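The values are calculated or read from the model by the stated rules, or taken from the named source; none is laboratory data. These numbers were taken from a predicted model, which means no experiment stands behind them. Quick reminder, even Gly has a Cβ in these numbers, built from the backbone with ideal geometry, and neighbours come from all protein chains shown. To get the accessible areas, we keep the full protein, side chains included, count just its heavy atoms, and leave off ligands, DNA and RNA. Shrake-Rupley method; radii C 1.70, N 1.55, O 1.52, S 1.80 Å.
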Amino acid sequence: GFIRNTLRKESPNGQGYLCDVVMGVTQGYELAATTQPYMQSTYALVTVAGGKLERIRQPSDLLAITPNPQMDSPIRIGVTETGPGAMWLAKHNLYQYMTSYPAQSGDPNEFPSEAMLKDLWQGKLDAAIVWGPTAAYFERLSPQERRMTIHTFSEEPGVRFSYPISAAVRFGEKDWKAQIDQALSKRKNDIQNILHEYGIPLVNEPAGNTP
C-alpha cells in the first residue's frame, strides 16, 4: 500500500497529493510512471572479519566449499524470502546454508534487511545476500572488529541480481516526469559522486541518463 498511501493519496486539505515523486523504484515499476534510471546496482554477498567466510573473494567461491560434518556449526547465509539470494543458493543446491528472513518486517523504524545484517554483526550468520545499497549502508556502520566486506554478484542464467533504479510519478503526468528526467540528467555527475562516496556497488552506467 505504499504507493496508494503516498503518491496516489490526496492531501487532507484538498491541495494535491501527499507527495509527487517517489525515489528508489525499479525502472518499469507497474504502479507508477518511472523516469530514466539514475543508478543500476546489484545484490551482494556480505561477509565479516573474523567469520568463517572472511577468506571469500567472490560469491562463486562458495561453490568450492566442501561441507564438513565435523564443523562445530553449519555455515549460515541470510537471505530474504523469494529473493535473488535464496534463488541463487537453491539453484546451486546450497539449501543447507540458507537462513531465511522476511523481506519487510512491518516495523516502519527498521531498515530493510536490518535484522539480517545485525545478526551478521553478532555472529549469528556467516554471510548475508542483500541489495547492494543496503549492504553499503551497513558496511559503513559495521564495527571495526566485525568489519563487513561486499562481494557483488555477476549475472547468470536463471537469477537476476542487478536492477536499474528510477524515480516514480503518477501516470499521465508527462510534463512533470520530463522535468525530473531533465534534472537527473543535468545532475548526473553529482549523483554519481554521491553514490561513489557512499560505496554503492554500481553496475554499468544507467541507460538514457546522459546529458
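Okay, here's what the table says:
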item	result
Verdict on Tyr38 being closer than 23 Å to Trp131 by Cα, modelled with pLDDT of 95 or more and either out of contact with any Leu (no Cβ under 7 Å at 6 or more places or on another chain) or open to solvent by 20 Å² or more (accessible area, probe 1.4 Å) (or both)	yes
Check on Gly172, surrounded by fewer than 18 Cβ atoms within 10 Å (Cβ to Cβ) and more than 18 Å from Thr42 (Cβ to Cβ)	yes
Single condition Phe138 does not satisfy, out of (1) open to solvent by less than 20 Å² (accessible area, probe 1.4 Å); (2) in contact with a Gly (Cβ under 8 Å, 6 or more places away or on another chain); (3) over 17 Å from Tyr38 (Cβ atoms); (4) not in a strand (DSSP E or B)	(2)
Near pairs, Cβ below 6 angstrom, 6+ apart or cross-chain, from region 107-135 (surrounded by 22 or more Cβ atoms within 10 Å (Cβ to Cβ)) to any residue that is of a type in the set (S, T, N, Q)	Ser113/Thr134; Ala127/Thr47; Val130/Ser113; Gly132/Ser41; Gly132/Thr42
Test: residue in region 75-89 that is assigned to a helix (DSSP H, G or I) and open to solvent by 20 Å² or more (accessible area, probe 1.4 Å)	yes
Inter-residue pairs, beta-carbon under 7 Å, first farther than 23 Å from Ala135 by Cβ and in region 61-83, second at pLDDT 90 or above and assigned to a loop (DSSP other than H, G, I, E, B), 6+ apart	none
Residue count for region 110-131, restricted to those that are farther than 17 Å from Ala86 by Cβ, under 17 Å from the mean Cα position of the chain (by Cα) and modelled with pLDDT of 85 or more	2
Near pairs, Cβ below 8 angstrom, 6+ apart or cross-chain, from region 158-177 (in a loop (DSSP other than H, G, I, E, B)) to any residue that is hydroxyl-bearing (Ser, Thr, Tyr)	Phe161/Thr42; Phe161/Tyr43; Phe161/Thr152; Phe161/Ser154; Arg170/Tyr17
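This table checks each residue for (1) β-branched (Val, Ile, Thr); (2) in a loop (DSSP other than H, G, I, E, B); (3) at pLDDT below 90.
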position	(1), (2), (3)
Gly1	no, yes, yes
Gly24	no, no, no
Glu30	no, yes, no
Thr66	yes, yes, yes
Gln70	no, yes, yes
